[in-house]
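The values are calculated or read from the model by the stated rules, or taken from the named source; none is laboratory data. Predicted, not measured: the structure shown is a model, and the values here were computed from it. Please note: Cβ atoms are built from the backbone with ideal geometry, for glycine as well, and neighbour counts cover all protein chains shown. For the accessible areas, the whole protein counts, side chains as well, though only heavy atoms, and no ligand, DNA or RNA atoms are used. Shrake-Rupley method; radii C 1.70, N 1.55, O 1.52, S 1.80 Å.
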Amino acid sequence: MAYAFVMDVPAPIEFYDALHAEIGRRTGGGVDGMLVHVGRATRDGFQITEIWESKELCDRYNAEVVDPALALLSGGQAPPGEPAMEEFEPRGLIVPAAHVVV
């Protein structure tokens, strides 16, 4: 079953940009199971929306790629505010150029 979330992060968009670049260096842009990733600036920081083939693939990616990249960029310090995350089951996802239909 597909898995998705929206996460609001109370940190500067520049932190998102640095994290996104570091993750790109670590993965070369290939991420097993990720269907969609969108980041955007918000009034209070940034927001990430992702859609995955499964929650298990998302959890593995976070443990193996995102968490180490976050630790590197933050110097092991906890973020100033806790992200707010809403999980959901995506419906009607179509990405024609990638031949994805969920």
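Of the candidates A69, A97, the single residue that is among the hydrophobic types (A, V, I, L, M, F, W, C) and within 13 Å of the chain's Cα centre (by Cα) is A69.
Filter segment 28-59 for residues that are without any contact (Cβ under 8 Å) to a residue 40 or more places away in the chain and of a type in the set (F, W, Y) and give the result. Result: F46, single match.
Of the residues making up segment 60-79, those that are touching a residue at least 40 places away in the same chain (Cβ under 8 Å) and either loosely packed, with under 10 Cβ neighbours inside 10 Å or in contact with a Lys or Arg (Cβ under 7 Å, 6 or more places away or on another chain) (or both) are V65, A69.
Screening R60 on (1) at pLDDT 95 or above; (2) touching a helix residue (DSSP H, G or I) at 6+ places or on another chain (Cβ under 8 Å) shows it passes everything except condition (2).
Number of residues in segment 12-39 that are part of a helix (DSSP H, G or I) and open to solvent by less than 30 Å² (accessible area, probe 1.4 Å): the value is 4. Of all residues in segment 90-102, which are surrounded by 11 or more Cβ atoms within 10 Å (Cβ to Cβ) and either in a loop (DSSP other than H, G, I, E, B) or modelled with pLDDT of 95 or more (or both)? Listed by number, the residues that qualify are P90, L93, V102. With respect to (1) within 13 Å of the chain's Cα centre (by Cα); (2) at pLDDT 95 or above, the lone exception for S54 is condition (1).
Per the listing E86, E50, E82, the residue uniquely within 22 Å of D8 (Cβ to Cβ), open to solvent by less than 60 Å² (accessible area, probe 1.4 Å) and among the charged types (D, E, K, R) is E50.
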